[in-house]
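Here's the structure we're looking at; comments come further down.
Taken together, the values in this text are just the output of simple stated rules run on the coordinates, not laboratory data. Note that the coordinates shown come from a computational prediction; the quantities given were computed from them, not determined experimentally. Neighbour counts are summed over all protein chains in view; Cβ atoms, including those assigned to glycine, are modelled from backbone coordinates with ideal geometry.
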Amino acid sequence: MAEPRYAVFLFPPAIDALGAAIKPYLTDSPLGPHIVCSAVDASGAFFQLTVPGCDREGKEIKAELMLPNPMVRMVVSLHDDHAFGFGDSLS
C-alpha cells in the first residue's frame, strides 16, 4: 500500500514571510504552490509536516517542517498517484 500523501497550501503572505527557506519545498500547480508531504500533525502550536527528500549523497531522508498553524490555508489528501485538481470530467 502506498504511503499517504498530502498537499499543504499556505497563505501567500506566509510564503512571502518564509522567503527562500520554503522555496525548495514548494511544488507549483494550476491550483497554486503547495508542499507535498507524507504526514501532517496539527495538534500543537506548530503545524508539523513530514517531507520526503534526499541528502547530499542522494540517500532518501524525511525532513520535518514546523510552521505556525495560522500559515496553513488548506490540506488536501492525495489518495493515489494521479494528478489532482479540477478538470472537465465529461471529456
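Backbone geometry of segment 58-68 corresponds, through the Karplus equation with coefficients 6.51, -1.76 and 1.60 at θ = phi - 60°, to 3J(HN,Hα) couplings of x, 7, 5, 9, 10, 8, 10, 9, 10, 10, x Hz, x marking Gly and Pro. Take the Cβ atoms of L31 and E57, set R0 to 22 Å, and the FRET efficiency comes out at 0.05. Other residues lying with their Cβ under 11 Å from the Cβ of V51 contribute a combined charge of +1, Lys and Arg counting +1, Asp and Glu -1. Computed over segment 5-78, the Cα gyration tensor eigenvalues convert (square root of 5λ each) into semi-axes of 19, 14, 13 Å, ordered from largest to smallest. A cut-off of 5 Å between modelled amide H atoms, ignoring neighbours fewer than 5 places along the same chain, links A39 with T50. Annotation: amide H-H contacts under 5 Å for R5 (H modelled 1.01 Å from N, sequence separation of 5 or more, or interchain): L78.
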